[in-house]
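The values are calculated or read from the model by the stated rules, or taken from the named source; none is laboratory data. Computed from a prediction, not measured in an experiment: that's the story for all the values here. Cβ: placed from backbone, ideal geometry, glycine included. Neighbour counts: every protein chain shown.
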């Protein structure tokens with residue numbers, strides 16, 4: 001039995017988005033299917049050039065903390081978000097963008113990395129993915 | 001039947017797992033994947049992932065600070 005993981009990426013904070021992709025890639029590596037549903041602040045990370053622009057959820061200190069964590073992650077040989085997304089797509093992970101958030105925040109498809117996005121959907125799409133999942137998380 | 005060598009030394013979570021999964025997808029049935037690494041959690045987790053995917057774990061060995069894991073692809077991944 002392969003199984004499936006579904007994660008709602010509500011937060012656009014860098015550390016939480018990293019967690020979502022680590023769990024996503026870990027699930028894919030176990031042979032599971034994965035869907036990441038990007039909504040609200042999370043959707044900003046799917047904007048062109050926006051992937052690693054999120055602040056830290058704690059101790060951001062006007063971006064100083066964020067820069068420090070990035071440095072420490074590089075030193076500990078943790079993959080960059082760009083690499084994580086590349087691996088995620090290569091292993092067949094699915095990315096869903098929330099249409100309602102796009103309307104609310106005035107984000108157009110042209111502003112988003114449509115090469116990463118498999119589907120545009122609303123809450124029904126998420127529920128339909130989640131009801132078939134063994135693991136579902138919200139970050 | 002080929003042997004595929006993966007060097008995951010000094011790579012951190014979850015890169016060794018991801019590299020093994022990528023290699024399993026690309027390998028042909030019967031191929032052996034030999035992965036060497038230093039990340040201690042991966043030494044436990046790669047065998048878990050191999051089992052979860054129904055592939056065959058051949059052995060796990062220590063070589064000083066490094067570990068070497070050999071996996072045989074026995075079915076489509």
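Worth a mention:
- In this structure, residue A:42 does satisfy being within 23 Å of residue A:135 (Cα to Cα), modelled with pLDDT of 95 or more and surrounded by 20 or more Cβ atoms within 10 Å (Cβ to Cβ).
- Residue, nearest to the chain's Cα centre (by Cα), within the stretch A:47-89, restricted to residues that are within 14 Å of chain B (Cβ to nearest Cβ) and part of a loop (DSSP other than H, G, I, E, B): A:80
- Filtering A:3, A:26, A:65, A:92 for residues that are within 30 Å of residue B:50 (Cα to Cα) and free of Cβ contacts under 8 Å to residues at least 24 places away in the same chain leaves a single hit, A:26.
- Considering the stretch A:98-113, and only residues there that are farther than 30 Å from residue B:20 by Cβ and within 14 Å of the chain's Cα centre (by Cα), the residue that is surrounded by the fewest Cβ atoms within 10 Å (Cβ to Cβ) turns out to be A:112.
- Criterion applied to B:51, B:45, B:76 was being within 14 Å of another protein chain (Cβ to nearest Cβ), exposed (fewer than 12 other Cβ atoms within 10 Å of the Cβ) and not in a strand (DSSP E or B), and the one residue passing it is B:76.
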